[in-house]
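One structure below.
The values are calculated or read from the model by the stated rules, or taken from the named source; none is laboratory data. Keep in mind that what you see is a predicted model, and the values were worked out from it rather than measured. All Cβ positions, glycine included, derive from the backbone under ideal geometry; neighbour counts span all protein chains shown.
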Amino acid sequence: MLPRITQSTLGTIVISGRSVRRGAAAIWLAACAVFLIVLLSHPGMPDESKSALKTLVPLYFLSFPLGHAGLTALVEIKLALYLKGAPMPGIVLEGLFLWMSMSILGYAQWFVLLPWVSRKCRQVADYVVFRS
């Protein structure tokens, strides 16, 4: 679906906010897919080298602060497995878990929670301003 572009009475072009959000979400999902491809095609992946995980650093910063929760969850899971004496997950599983958690949490943060908080703040501001 193409963005709805209208011509205002002053001659400026107005693009609807919904189409901008959809476009940004599509860019986010495409970037996440690119990060996954780069992660899986990293030369260190078959060697079980932790250097393959450095390809996820940009995704970490794009999904911060909720993406940090995914990283923390992985550390907690690995610690629990280590304390129980269970085998540790391989680099592929670790990378996929990190990619999935940061992608989902980043999407939720930027395209679900932030618009919701923004709408609620706008409602509160409108209520305060127009209360009189």
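Residue check: is Gly106 closer than 18 Å to Trp28 by Cβ, surrounded by 17 or more Cβ atoms within 10 Å (Cβ to Cβ) and touching a helix residue (DSSP H, G or I) at 6+ places or on another chain (Cβ under 7 Å)? Criteria met by Gly106. Scanning segment 89-110 for residues that are of a type in the set (A, V, I, L, M, F, W, C), closer than 26 Å to Pro43 by Cβ and within 8 Å of the chain's Cα centre (by Cα) yields one hit, Met102.
Out of everything in segment 54-86 that is surrounded by 17 or more Cβ atoms within 10 Å (Cβ to Cβ) and among the small types (Gly, Ala, Ser), what residue ends up being nearest to Trp110 (Cα to Cα)? Per the stated criteria, the residue is Ser63. Residues of segment 23-53 being buried (at least 17 other Cβ atoms within 10 Å of the Cβ) and either more than 11 Å from the chain's Cα centre (by Cα) or without any contact (Cβ under 8 Å) to a residue 12 or more places away in the chain (or both), which ones? Of everything in segment 23-53, those that are buried (at least 17 other Cβ atoms within 10 Å of the Cβ) and either more than 11 Å from the chain's Cα centre (by Cα) or without any contact (Cβ under 8 Å) to a residue 12 or more places away in the chain (or both) turn out to be Phe35, Leu36, Leu39, His42, Met45, Ala52, Leu53. Against the test of being at positive phi, modelled with pLDDT under 90 and among the small types (Gly, Ala, Ser), the options Gly11, Gly70 yield a single qualifying residue, Gly11.
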